[in-house]
Amino acid sequence: MSQAMQTEPSVFPSNVIPFRMGIILPRHREYLARWLEAGKRMGLCDAEICIDDEATFADTEQALIWVRENASPAYVVHPEGNHWVVVDALRGNILSHETSFEMALDFVRPALPLQGSVVAA
């Protein structure tokens with residue numbers, strides 16, 4: 001038997017890519033809080049994470065973002081496949097598909113410097 005055949009499968013890196021994200025992780029919540037605080041000077045007023053009632057999966061969460069003290073949220077950020085989608089909440093138009101939650105928030109307002117390599121999920 002060859003050396004490669006004897007190697008444990010756990011030695012090889014995983015090629016699994018999560019195509020269905022549905023929840024906003026604690027690290028996303030922490031980043032959202034820091035981003036909101038940093039963006040107050042740029043017109044960000046509030047943000048909330050809630051369940052998306054119209055989502056295909058019941059546990060899909062989304063971030064609602066309010067700007068300039070408007071009664072309705074201005075933006076919605078939600079996971080879709082392996083991307084994060086930024087939506088104009090008032091008109092329902094998709095504005096951007098980003099590879100990370102941090103980049104989606106940066107698209108809305110560049111309130112925090114992005115690190116050199118942002119994790120995709």
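The values are calculated or read from the model by the stated rules, or taken from the named source; none is laboratory data. None of the values given here were measured: they were computed from a predicted structure. When we count neighbours, we look across all protein chains shown, and the Cβ atoms used for this are built from the backbone with ideal geometry, even at glycine. Surface areas here come from the heavy atoms of the whole protein model, side chains and all, with no ligands, DNA or RNA. Shrake-Rupley method; radii C 1.70, N 1.55, O 1.52, S 1.80 Å.
Could you pull out every one of the strands (runs of 3 or more DSSP E) wholly within the range 61-121 that has 2 or more residues that are in contact with a strand residue (DSSP E or B) (Cβ under 9 Å, 6 or more places away or on another chain) and of a type in the set (Val, Ile, Thr)?
Fully inside the range 61-121 and qualifying: 61-67, 75-80, 83-88.
Find the residue count for the range 90-106, including only residues that are farther than 20 Å from ALA33 by Cα and in contact with a Pro (Cβ under 9 Å, 6 or more places away or on another chain).
The number of residues fulfilling the criteria is 1.
I want to confirm something. Restricting to the range 31-61 and keeping residues that are among the aromatic types (Phe, Trp, Tyr) and modelled with pLDDT of 95 or more, which single residue is farthest from the chain's Cα centre (by Cα)?
TRP35
Is it the case, given these coordinates, that HIS78 is in contact with an Asp or Glu (Cβ under 9 Å, 6 or more places away or on another chain) and free of Cβ contacts under 8 Å to residues at least 24 places away in the same chain?
When the stated conditions are applied, HIS78 does not pass them.
Those residues that are closer than 20 Å to ALA71 by Cβ and either surrounded by 13 or more Cβ atoms within 10 Å (Cβ to Cβ) or among the hydroxyl-bearing types (Ser, Thr, Tyr) (or both), I need them from the range 22-42; list them, please.
Once the filter is applied, which keeps residues that are closer than 20 Å to ALA71 by Cβ and either surrounded by 13 or more Cβ atoms within 10 Å (Cβ to Cβ) or among the hydroxyl-bearing types (Ser, Thr, Tyr) (or both), the range 22-42 yields LEU36, GLY39.
Hey, can you tell me all the residues within the range 75-86 that are surrounded by fewer than 18 Cβ atoms within 10 Å (Cβ to Cβ) and modelled with pLDDT of 95 or more?
VAL85, the sole residue that qualifies.
Kindly indicate which of LEU64, LEU105 is in contact with an Asp or Glu (Cβ under 6 Å, 6 or more places away or on another chain), open to solvent by less than 80 Å² (accessible area, probe 1.4 Å) and modelled with pLDDT of 95 or more.
Going through LEU64, LEU105 in turn, just one is in contact with an Asp or Glu (Cβ under 6 Å, 6 or more places away or on another chain), open to solvent by less than 80 Å² (accessible area, probe 1.4 Å) and modelled with pLDDT of 95 or more: LEU64.
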